[in-house]
Amino acid sequence: RGLAGLAQEHGTLDGLPLRRLTAVLHLTRVPDDVASFDCDTWDDIATARARIREHGHVLDEWISAVKDELGIDLDVDTGVLLDLARDAAHGVARPAAPLTTFLVGYAAAR
């Protein structure tokens with residue numbers, strides 16, 4: 001209702017300062033225990049590391065599914081590919097990461 005009132009008052013929301021748009025909003029925190037967490041004890045750090053490792057399994061499962069879908073039967077050195085993507089992203093530009101890994105894969109297939 002607040003934004004509708006501003007739009008009616010000014011004829012549009014376009015060009016209004018963001019603080020004016022958000023001043024009428026009533027914000028509330030929505031807790032999410034898995035989105036972020038404090039790491040101020042060694043136990044907290046161990047928990048964080050375990051959560052990070054869980055994502056590695058997801059990546060491995062995704063790679064296996066893609067290989068199956070594409071009919072590719074070879075070992076993928078995920079660490080080397082991620083290092084290559086990181087070097088391209090940080091050394092050139094972020095969009096260089098997927099392009100570089102594609103080109104290296106293409107060259108390897110030839």
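The values are calculated or read from the model by the stated rules, or taken from the named source; none is laboratory data. Given the structure is predicted, the values throughout are model-derived calculations rather than measurements. With ideal geometry, Cβ positions are generated from the backbone for all residues, glycine too; neighbour counts draw on all protein chains shown.
Observations on the structure shown:
- Condition met for Leu103 (part of a loop (DSSP other than H, G, I, E, B) and either within 21 Å of the chain's Cα centre (by Cα) or over 24 Å from Arg53 (Cβ atoms) (or both)): no
- Within the set Leu74, Leu59, Leu70, Leu82, the sole residue that is under 19 Å from Tyr106 (Cα atoms) and under 18 Å from the mean Cα position of the chain (by Cα) turns out to be Leu82.
- Taking the range 13-25 as the range and being modelled with pLDDT of 80 or more, exposed (fewer than 10 other Cβ atoms within 10 Å of the Cβ) and in a loop (DSSP other than H, G, I, E, B) as the test, the residues that pass are Asp14, Gly15, Pro17.
- The condition of being surrounded by 10 or more Cβ atoms within 10 Å (Cβ to Cβ) and at pLDDT below 85 holds for only one of Arg1, Arg29, Arg51, that being Arg51.
- Residues in the range 77-100 that are exposed (fewer than 11 other Cβ atoms within 10 Å of the Cβ) and either of a type in the set (Lys, Arg) or not in a helix (DSSP H, G or I) (or both): Asp77, Ala93, Arg94, Pro95.
- Set side by side, the residues Leu70, Leu59, Leu74 differ, and just one is free of Cβ contacts under 8 Å to residues at least 60 places away in the same chain, surrounded by 10 or more Cβ atoms within 10 Å (Cβ to Cβ) and of a type in the set (A, V, I, L, M), which is Leu59.
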